[in-house]
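This report refers to the structure that appears directly beneath it.
The values are calculated or read from the model by the stated rules, or taken from the named source; none is laboratory data. Quick caveat: nothing in here was measured; it's all calculated off a predicted structure. In this analysis, Cβ positions are derived from the backbone assuming ideal geometry, glycine residues included, and neighbour counts consider all displayed protein chains.
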Amino acid sequence: MESELMTILEQIERDKGIAKEVLIEAVEVAVASAARKVWTVGKEEDVTAKLDLKTGKIQAFANGQEIRSNEFGRIAAQTAKQVVFQKIREAEKDVVYNEYSTRVGQIISGSVYRFDRGSVIVDLGKTEAVIPRSELCGKEEFKQGDRVRAFILEVQRESRGPQIVLSRAHPNFVKRLFELEVPEIYEGIIEVKAIARDPGERTKISVYSKDDKVDCVGACVGMRGSRVKNIVNELHGEKIDIVRYSSDIKEYIQAALSPAEISQMQLLSLEKKANIIVADDQLSIAIGRYGQNVRLAGRLLGWELDIFSANQWEEHLKQPQAGTLVKEVEVIEEVVEEIEAPAGDEEKPESSPSQDEKSE
């Protein structure tokens, strides 16, 4: 029986990942607690227990004197069992917390276990995680048993155990997906500069290549759009615009507002504000559905963008206050329609100009 105890503790250590020292301490605390019940001792007296690691024998002592009682063995075993189980549960919670807290910011996969008031409970194998309704993409729905990937948003300590919160709506979920699909991003050759996202609807991601021989947009799109299509499928059809980053803000704005063609732009650099003038037939394209295109472009750039048709701009200039707010103004006419590919590329990326292929 005594050697069996050590075998059980070693098995728990292997199966649960709980250090044997933690388990031994739990057993000794449990036995000391049981000893107080079978041997009347004062509250001030020191009661301890010792587990022999070689034989598995347990002894209890009160002020250095061994406790001997016919009832000790039975009560000690019952109490030890209860406390050991409690310690195991606490240690398991610590193991889970320590494992997943170091993985915050990574993508994890699991299976849909159940649903709770709009949230999705995901079985991760060792534990469960939750995707709150607010962290799901748009109207996406899952069925019980579906495999799901999500971004580990945070891990919280709670009395009932670690609470692992996942997200599919966070912009960094898209970033991590690109790292998985595009080796050049994972290896650091291509850098993701910024992401702006309307979960479930559209994402704009700007990328920059540190190697002149590697086209950042073409690498992210992949052969025949294979890489970006895998990400679009994972996001259940969410459209993705891959924007070429440029240190030239004029080129960057043009790329961010693609596929709209800009006629003129007025830059207020100190205020990080730009007035964009487009042809009448480009106005709805530049603004996008419900203002989505210009809104995401502004968030991507970190600038405030205002879109005007030619007629609207003329009316704007007639307003008395139009010229008083300009601290630093630069007017650029006939902005180039496309940024040329870096020297050394044999051909232009298939989906670079309009991003339509990537978005479908």
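Things to note:
- Checking segment 229-239 against the condition returns a match, with at least one residue being of a type outside the set (Phe, Trp, Tyr), on the phi > 0 side of the Ramachandran plot and over 18 Å from the mean Cα position of the chain (by Cα).
- The residue list PRO162, PRO199 contains one member that is crowded, with 19+ Cβ neighbours inside 10 Å and in the same structural domain as VAL148 (by TED's automatic domain parsing), which is PRO162.
- Segment 51-71, residues that are under 49 Å from the mean Cα position of the chain (by Cα) and either modelled with pLDDT under 70 or surrounded by fewer than 16 Cβ atoms within 10 Å (Cβ to Cβ) (or both): ASP52, LEU53, LYS54, THR55, LYS57
- Given (1) hydrophobic (A, V, I, L, M, F, W, C); (2) assigned to a strand (DSSP E or B); (3) touching a residue at least 24 places away in the same chain (Cβ under 8 Å), number of the condition VAL174 does not satisfy: (2)
- So LEU9, is it in contact with an Asp or Glu (Cβ under 8 Å, 6 or more places away or on another chain), of a type outside the set (Val, Ile, Thr) and crowded, with 20+ Cβ neighbours inside 10 Å: no
- Residues located in segment 122-140, provided they are charged (D, E, K, R), surrounded by 18 or more Cβ atoms within 10 Å (Cβ to Cβ) and in a loop (DSSP other than H, G, I, E, B): none
- Filter result for ARG74 (modelled with pLDDT of 75 or more, among the basic types (Lys, Arg) and assigned to a helix (DSSP H, G or I)): no
- Filter result for ILE152 (at pLDDT 95 or above, over 30 Å from ILE253 (Cα atoms) and surrounded by fewer than 20 Cβ atoms within 10 Å (Cβ to Cβ)): no
- Top-ranked residue in segment 25-42 [being among the small types (Gly, Ala, Ser) and more than 15 Å from LEU9 (Cα to Cα); ranked as modelled with the highest pLDDT]: ALA32
- Taken as a whole, segment 82-89 holds no residue that is at pLDDT 80 or above, part of a loop (DSSP other than H, G, I, E, B) and within 30 Å of ILE152 (Cβ to Cβ).
- In segment 90-121, the residue that is surrounded by the most Cβ atoms within 10 Å (Cβ to Cβ) out of those that are assigned to a helix (DSSP H, G or I) and polar (S, T, N, Q) is SER101.
- Residue check, SER258 over 30 Å from ASP146 (Cβ atoms), in contact (Cβ under 8 Å) with a residue 24 or more places away in the chain and of a type in the set (Ser, Thr, Tyr): yes
- Close pairs (6 angstrom Cβ cut-off, 6 or more residues apart or separate chains): assigned by TED's automatic domain parsing to the domain that holds ILE287 in segment 308-319, among the aliphatic types (A, V, I, L, M) and part of a helix (DSSP H, G or I) anywhere: SER309/LEU283; HIS316/ALA322
- The criterion of at least 1 residues that are not assigned by TED's automatic domain parsing to the domain that holds ALA194 is met, among helices (runs of 4 or more DSSP H) falling completely within segment 225-287, by 249-256, 283-287.
- The single residue among ILE249, ILE185 that is farther than 19 Å from ARG149 by Cβ and of a type in the set (A, V, I, L, M) turns out to be ILE249.
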